[in-house]
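Below is one structure, written out as structure tokens, with a few remarks after it.
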Amino acid sequence: MDRRRRVAILQAILIVGLVLSTWRLSTVPAGLHSDEVINAYEAHSIAETARDSHGNFLPLFVQAAEDYREGFYVYLLSAFDRVRPLDAIWLKNASVLIFLMSALALYFLARELTDNDAAALTACAIFVTTPWVFVLSRQLIRPLTVMPFLLAGLALSLRFVRTQAKRDAVLAGVALGLSIHTYLTARLFAPAILGGVVILLVARRKELPGAWRAYALRAVPVFALLALPVAIELIVHREAVLTRMSMVSIFRDDVVRSFIADHGGEPGLWTNIRIFATRYLANISPRYFFVVGDPNYRHSPPGFGQMHDAVGVMALIGLASLAWKRRWRELAIFGIWLVIFPIPAAASESSTGDGPLLGGHAYRTLLGAPWFAILAGLGLAELAAPVRLPRLREAGAARWAPVGVAALLAVWYAADARAWFSHYYNDYNTYTYNFYGYETEKMFPLAMALRRPEEKIYLGSSPVGWMDYYVAYYEKVDPRVFQETMGERHDHSFERLGTPWREYRGLAEDGIIVSKKSMPVEPTAVVFSEDGKHEEYFLYRDLPHARDLRRWKVCGPFPFPEGQLDATHADRDYPAALMAQCDEADNWRPMGLRRDKPYIDLWERLSPDENQFALAKATIREDESELPHTRHYYLGSDDGATMWINGAFVYASDRAGRSYQPQQDYIKAIMDRPENELLLRIVNGAAAWQFGVVELPTGPDAADR
């Protein structure tokens with residue numbers, strides 16, 4: 001393929017990626033997750049003061065939410081912030097830029113690995129339409145930043161193997177060294193690339209005399225020089241910098257105890273190996289790749305895998321092609337990478353509250369995406385070539401059979417991609433209501449309008465977490481003032497810089513009510529008066545056409561072993577034996593909502609004990625002429641809840657341990673009988689134990705989303 005045509009096709013692919021990643025960017029997602037708000041405000045703080053929100057001067061690791069995240073992405077955002085301060089939608093263009101840089105780096109890597117222009121272009125097209133990567137291109141978070149540097153570093157290293165150009169070795173060291181500053185996965189992959197290339201060159205030292213020494217003397221020192229500050233930081237401030245890693249490690253005492261309780265064994269190396277193997281298999285499972293994806297809906301919308309189904313078939317064809325042509329070097333590179341890319345996710349817990357060992361993690365396995373894209377691109381390109389193997393040239397029409405297969409795979413892929421993108425743009429906000437502060441921006445002007453001079457605002461961490469950063473971002477608090485108040489923070493919250501409220505009895509504005517009703521366990525806002533008294537105010541949705549499910553029958557409590565909250569909540573099987581036990585003993589206890597609370601308080605009305613769960617059922621009646629009928633619900637619970645309809649699993653809350661908030665989870669359920677059983681299992685680890693369900697006449701409209 002001539003250069004002009006190749007460049008034109010590549011430009012078209014990148015333009016498609018740009019359009020897809022920026023279309024409806026201001027509305028999908030419809031709000032900002034706490035990590036995004038933190039990154040946006042940290043970038044603004046550095047842009048304005050050269051210090052992070054904690055006052056650290058040009059930090060290598062930004063302290064942020066006490067998780068000491070690598071600073072590269074925040075510094076990139078700060079450059080954008082200088083143009084349009086505290087504008088998250090504008091800042092997301094930084095993620096789009098990283099996404100397109102990754103696609104470009106992947107193209108050059110694919111050319112080096114396959115020596116096939118068509119395969120490289122196809123791989124690039126697959127990459128920009130892969131859900132695994134695409135979701136990150138629209139978020140203000142840093143995992144994607146590692147990709148262009150690692151892919152470019154490997155591409156330059158392989159080009160050095162081909163050309164022995166010393167400049168390529170130096171640039172490879174630069175790219176791999178910079179990757180260390182982006183995301184923790186680079187700490188495994190960058191040294192692995194350097195070591196692997198040196199070993200490859202040593203193995204070919206007769207064919208390429210002196211090449212390994214030329215590469216090692218250029219790439220390795222440059223890499224070491226750029227990575228040295230990170231290494232020093234890890235050594236000098238090890239405990240602080242590794243805080244986040246220790247928080248998500250699968251080798252924490254509570255995870256080990258839970259695993260031993262479920263699977264037996266004793267604490268020690270062998271148990272740790274079994275735990276690691278469990279996580280590794282969860283992150284390399286075909287079911288994770290192509291069926292269910294990451295169980296955290298923010299990472300991966302439900303009902304789809306991390307990749308489109310056709311990619312799996314095309315990738316296998318790509319591998320077979322390499323084996324058929326005996327390209328052992330390329331096979332070794334793909335094989336080694338495919339073995340090691342799940343390791344960061346395997347060493348850390350799942351992103352879902354169903355249990356620390358369950359489900360794959362889209363962000364920490366992200367480096368698997370380019371390899372599947374390259375293999376799939378190679379497979380499709382090999383099939384689509386007009387002439388296959390020499391012996392097929394004499395086979396007449398048979399030689400075109402692979403082209404037909406390639407066309408069918410391309411149509412299959414296009415259909416998968418169309419379905420996924422339609423689902424993402426139309427339904428992503430519905431499924432991720434829990435994770436984003438969709439209406440948080442409206443909260444602060446409303447709060448400011450309700451002030452009284454002698455009162456101060458206290459904003460709790462519910463429902464979106466790290467509310468202090470939301471306040472600072474939406475009210476454009478001067479970073480210098482924010483830095484001075486960080487010492488006053490307590491339990492992820494802080495007094496809003498003395499901002500007062502005035503007393504009120506209730507107000508509705510833009511679909512939001514601020515009320516004194518006793519609703520969530522952890523209030524969204526608490527007013528402290530000068531005399532030491534406090535009043536609780538709660539922020540929740542105004543749903544005038546919704547109705548509470550008021551009549552329930554409850555059976556229980558049923559105890560479970562201490563420390564087994566996650567494991568109990570993770571069970572998705574319909575509790576048939578317990579249902580039969582409750583029916584036979586007639587242990588169903590009628591419970592209805594009380595006027596002062598929109599939830600059933602099981603702690604008060606059933607049992608105040610810890611480590612137990614209860615079953616609650618309600619009957620949903622339908623007109624036979626309207627079957628099947630779709631129902632829409634909002635569920636709130638403390639702790640986690642699981643729902644079955646007519647014995648079939650429908651939904652489980654994202655976390656086992658959580659506090660009640662109204663409208664925490666949106667659930668769409670199909671009723672296919674005149675009389676339907678809606679069954680909930682509500683687990684309780686300790687303290688408050690509550691649940692409530694609201695039924696909507698239709699699904700959430702655009703404003704609700």
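If each of D253 and F558 carries a label point 7 Å out from its Cα toward its Cβ, how far apart are those two points in nm?
Each label point is offset 7 Å from its Cα along the Cβ direction, giving 3.1 nm.
Arrange the peptides 211-218, 141-148 so that the one whose residues have, on average, the most other Cβ atoms within 10 Å appears first.
On the way: 211-218: 17.9, 141-148: 24.0.
In descending order of packing, they fall as 141-148, 211-218.
Would you mind giving the average projected area, over all directions, of the Cα convex hull of region 566-662 in nm² with one decimal? Provide the component values of the computation, followed by the final result.
Values: hull surface 31.2 nm².
Average projection, Cα convex hull of region 566-662: 7.8 nm².
Consider a paramagnetic label point 7 Å from the Cα of F57 along Cα→Cβ; state which residues of region 224-249 have an amide N under 11 Å from it.
In region 224-249, the label zone of F57 (backbone N under 11 Å from the point 7 Å along Cα→Cβ) covers no residue.
Restricted to Cα positions, what overall size does region 250-328 have along the principal axes? Three whole-Å values, descending.
Taking max minus min along each principal axis of the Cα atoms, region 250-328 gives 48, 34, 16 Å.
I'd like the Karplus ³J(HN,Hα) series for region 137-146: coefficients 6.51, -1.76, 1.60, θ = phi - 60°, whole numbers in Hz, and an x wherever there's a Gly or Pro.
Residue by residue, region 137-146 yields 5, 10, 10, 8, 9, 9, x, 5, 5, 6 Hz.
Listed highest first by mean packing, meaning other Cβ atoms within 10 Å per residue, what order do 84-95, 13-24 come in?
Working: 84-95: 18.6, 13-24: 17.0.
The peptides rank, most packed first, as 84-95, 13-24.
Taking R0 as 45 Å, what's the FRET efficiency between R167 and A687 from their Cβ-Cβ distance, rounded to 0.05? Write out the running numbers ahead of the final one.
Details: r = 63 Å, r/R0 = 1.39.
For R0 = 45 Å, the calculated efficiency reads 0.10.
Compute the relative contact order of region 142-211 as a whole-number percentage, counting only Cα pairs closer than 8 Å that sit 6 or more residues apart in sequence.
Numbers: 62 pairs, mean separation 24.3, N = 70.
Computed value for region 142-211: 35 percent relative contact order.
For L357, which sequence-distant residues (separation of 5 or more, or a different chain) have an amide H within less than 5 Å of its own amide H, given hydrogens modelled in the peptide plane?
S350
Once amide H atoms are built 1.01 Å from N in the peptide plane, which residues 5 or more positions from Q612, or in another chain, come under 5 Å H to H?
HN-HN under 5 Å from Q612: F560, N684.
Express in nm, to one decimal, how much length is gained between R204 and L242 on full extension, taking 0.36 nm for each residue of separation and deducting their alpha carbon distance. Before the final figure, lay out the partial values.
Values: separation 38, 0.36 × 38 = 13.68 nm, distance 3.89 nm.
Additional length available on full extension: 9.8 nm.
Quickly rank 679-689, 117-127, 272-282, 362-372 as a protection proxy: mean count of other C-beta atoms within 10 Å, highest first. Write out the running numbers ahead of the final one.
Values: 679-689: 22.4, 117-127: 26.4, 272-282: 16.6, 362-372: 24.8.
Packing proxy ranking, top to bottom: 117-127, 362-372, 679-689, 272-282.
In Å², what does the accessible area per residue of region 584-677 work out to with a 1.4 Å probe? Show your work: numbers first, answer last.
On the way: 4310 Å² over 94 residues.
About 46 Å² of surface per residue is accessible.
Tell me, in nm to one decimal, what length is gained between L316 and D478 on full extension, where the rule is 0.36 nm per residue of separation less the Cα-Cα distance?
Extending this stretch completely gives an extra 52.9 nm.
If R0 is 30 Å, what FRET efficiency do you get for E604 and T27 from their C-beta distance, rounded to 0.05?
Numbers: r = 41 Å, r/R0 = 1.36.
Once the sixth-power term is evaluated, E becomes 0.15.
Counting only residues 5 or more places away or on other chains, whose amide H sits under 5 Å from the amide H of R655 once H atoms are built in the peptide plane?
G353
Output the relative contact order of region 1-77, whole-number percent, from Cα pairs under 8 angstrom with separation of 6+ residues.
Values: 53 pairs, mean separation 14.9, N = 77.
Relative contact order of region 1-77: 19 percent.
Pop out the ³J(HN,Hα) list for region 51-57 in order, Karplus 6.51 cos²θ - 1.76 cosθ + 1.60 with θ = phi - 60°, rounded to Hz; leave Gly and Pro as x.
With coefficients 6.51, -1.76 and 1.60, one gets 10, 7, 5, 8, x, 6, 7 Hz.
Roughly how big is region 1-108's charge dipole about its Cα centre, with Cβ charges of +1 (Lys, Arg) and -1 (Asp, Glu), in debye to the nearest 20? Walk me through the intermediate numbers first.
On the way: 10 positive and 11 negative charges, 170 e Å.
The dipole magnitude comes to about 820 debye.
Calculate, in nm to one decimal, what V405 and L281 gain on full extension: separation in residues at 0.36 nm each, minus their alpha carbon distance. Don't jump to the answer; show the numbers that get you there.
Details: separation 124, 0.36 × 124 = 44.64 nm, distance 3.11 nm.
In short, 41.5 nm is gained.
For region 305-376 and region 1-77, what is the separation of their C-alpha centers, rounded to whole Å?
25 Å
Enumerate the calculated ³J(HN,Hα) couplings along region 71-87 in order (Karplus 6.51 cos²θ - 1.76 cosθ + 1.60, θ = phi - 60°), each rounded to whole Hz, writing x wherever the residue is Gly or Pro.
Result, ordered by residue: x, 4, 5, 5, 5, 4, 4, 5, 5, 5, 5, 4, 7, 9, x, 6, 10 Hz.
Let me have the relative contact order for region 185-342, percent, based on Cα pairs under 8 Å that are six or more residues apart. Please list the in-between numbers first.
Details: 75 pairs, mean separation 14.6, N = 158.
About 9 percent, as a whole number.
The values are calculated or read from the model by the stated rules, or taken from the named source; none is laboratory data. Given the structure is predicted, the values throughout are model-derived calculations rather than measurements. In this analysis, Cβ positions are derived from the backbone assuming ideal geometry, glycine residues included, and neighbour counts consider all displayed protein chains. These accessible areas exclude ligands, DNA and RNA; they are computed on the full protein's heavy atoms, side chains included. Shrake-Rupley method; radii C 1.70, N 1.55, O 1.52, S 1.80 Å.
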